[in-house]
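Engineer: Questions regarding the structure given below will be posed in turn.
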Amino acid sequence: SGGNTQLEPFLADQFDLSAEWYFEEGAILSGALFYKDFKSFSYDSSVFREFTNPIDGNCIVDRSALPAEEQLTAMAPCANLQYRTSVNGASADIKGLEMMYQQHYDFLPGLLKHLGTSINYTYADSEAIVDPENADNPYNGLPFLNTSKHSANATVFWENDDLSLRLAYAYRTKALETTTDKNSSIVRDDRGTLDFSANYAITNDLKVTFSATNLTDSYDKIINVITN
């Protein structure tokens, strides 16, 4: 692996248009449209390449002395080694919308008046160009890094002066994790997680907290997508 002193910063023109409606105390309904136009960005890359000694020009890993059948499996005579670094991309855009709803149902009878919900959803359509000089580059047109097309969060809570209970679910669809990894791209699969938390105030100065994360026992699933 190695660094890259020629990396450009993340530069983008961003536009947002939003509307918010506070229809009662502690309640909101909102929506927003957004567009991000990236002029430059960088991403991690992993490729196989030969390495030569800059002094004598010889292969650093020379396997020419190996038997012919071993040379084939070792990618000899000058071995290709996996090299990881960050490189510059060319351009990218992300466009989409966000929606949010939150309300405390204090108009309900009895214990239900302490109930509330908070829900948000984001749609993001993205595309990145990494090699504008080569229209046939298979990595052109992939989604922007770590950008799921759909993501959502939903929380149900019950709160009074002493006790707070929250059940929160978070979901997001597939996202590109690594643009180039040898001859493939790495994609992080869909994932949903459910968390629970509780807080109880014994006194004004003492509070007991309990939390349980990932009740669905989900995990990140990584997919290698071979690029031809």
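The values are calculated or read from the model by the stated rules, or taken from the named source; none is laboratory data. In this text the structure is predicted, and so the values were computed from the model without any measurement. When we count neighbours, we look across all protein chains shown, and the Cβ atoms used for this are built from the backbone with ideal geometry, even at glycine. We work out accessible area using only protein heavy atoms, side chains counted, and drop any ligands, DNA or RNA first. Shrake-Rupley method; radii C 1.70, N 1.55, O 1.52, S 1.80 Å.
Engineer: Looking at residue 105 and the list (1) within 25 Å of residue 10 (Cα to Cα); (2) open to solvent by less than 50 Å² (accessible area, probe 1.4 Å), which single condition is not satisfied?
Structural biologist: Status for residue 105: all satisfied but (1).
Engineer: Whether any residue in the stretch 117-127 is aliphatic (A, V, I, L, M), over 18 Å from the mean Cα position of the chain (by Cα) and at pLDDT below 85 is what I want to check.
Structural biologist: If we filter the stretch 117-127 for residues that are aliphatic (A, V, I, L, M), which is where we start, we get 119, 124.
Add one more test, that the residue is over 18 Å from the mean Cα position of the chain (by Cα), and what stays is 119.
Keeping just the survivors that are at pLDDT below 85 gives none.
So far as the stretch 117-127 goes, no, none of its residues is aliphatic (A, V, I, L, M), over 18 Å from the mean Cα position of the chain (by Cα) and at pLDDT below 85.
Engineer: On the basis of being among the charged types (D, E, K, R), touching a Ser or Thr at 6+ places or on another chain (Cβ under 7 Å) and open to solvent by 70 Å² or more (accessible area, probe 1.4 Å), does residue 207 make the cut?
Structural biologist: Details: among the charged types (D, E, K, R): yes; touching a Ser or Thr at 6+ places or on another chain (Cβ under 7 Å): no; open to solvent by 70 Å² or more (accessible area, probe 1.4 Å): yes.
No.
Engineer: Next up: Got a sec? Which of 127, 98 is under 23 Å from residue 19 (Cα atoms) and out of contact with any Pro (no Cβ under 6 Å at 6 or more places or on another chain)?
Structural biologist: Values: 127 fails: under 23 Å from residue 19 (Cα atoms).
Going through 127, 98 in turn, the sole match is 98.
Engineer: Also: Quickly run through the stretch 198-215 and pick out the residues that are touching a residue at least 12 places away in the same chain (Cβ under 8 Å) and part of a strand (DSSP E or B). Quick ask: steps written out before the conclusion?
Structural biologist: Here is the first cut: in the stretch 198-215, the residues touching a residue at least 12 places away in the same chain (Cβ under 8 Å) are 198-201, 209-215.
Passing the criteria: 198, 199, 200, 201, 209, 210, 211, 212.
Matching residues to (1) in a strand (DSSP E or B); (2) within 21 Å of residue 146 (Cβ to Cβ); (3) hydrophobic (A, V, I, L, M, F, W, C):
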residue	(1), (2), (3)
13	yes, yes, no
18	yes, no, no
23	yes, no, yes
29	yes, no, yes
35	yes, yes, no
48	yes, no, yes
56	no, no, no
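Engineer: Give all pairs with beta carbons closer than 9 Å in which a residue from the stretch 3-14 that is more than 9 Å from residue 38 (Cβ to Cβ) meets a residue that is open to solvent by 80 Å² or more (accessible area, probe 1.4 Å) and not aliphatic (A, V, I, L, M); count only pairs at least 6 apart in sequence or on separate chains.
Structural biologist: If the second residue must be open to solvent by 80 Å² or more (accessible area, probe 1.4 Å) and not aliphatic (A, V, I, L, M), the pairs left are 8/39; 14/35.
Engineer: Same structure again: Testing residue 218 on (1) open to solvent by less than 60 Å² (accessible area, probe 1.4 Å); (2) part of a strand (DSSP E or B), one condition comes back false. Which one is that?
Structural biologist: It is condition (2) that residue 218 fails.
Engineer: Still on this model: If we keep just the residues of the stretch 61-102 that are β-branched (Val, Ile, Thr) and open to solvent by less than 60 Å² (accessible area, probe 1.4 Å), which is modelled with the lowest pLDDT? Let's see the steps before the verdict.
Structural biologist: In the first step, residues of the stretch 61-102 are kept if they are β-branched (Val, Ile, Thr); the result is 61, 73, 85, 87, 94.
Subset that is open to solvent by less than 60 Å² (accessible area, probe 1.4 Å): 61, 85, 87, 94.
Details: 61: 73, 85: 86, 87: 87, 94: 97.
In this case the residue turns out to be 61.
Table: residues versus (1) within 30 Å of residue 12 (Cα to Cα); (2) of a type outside the set (Ser, Thr, Tyr).
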site: 133; (1), (2): yes, yes
site: 146; (1), (2): yes, yes
site: 180; (1), (2): yes, no
site: 184; (1), (2): yes, no
site: 193; (1), (2): no, no
site: 220; (1), (2): yes, yes
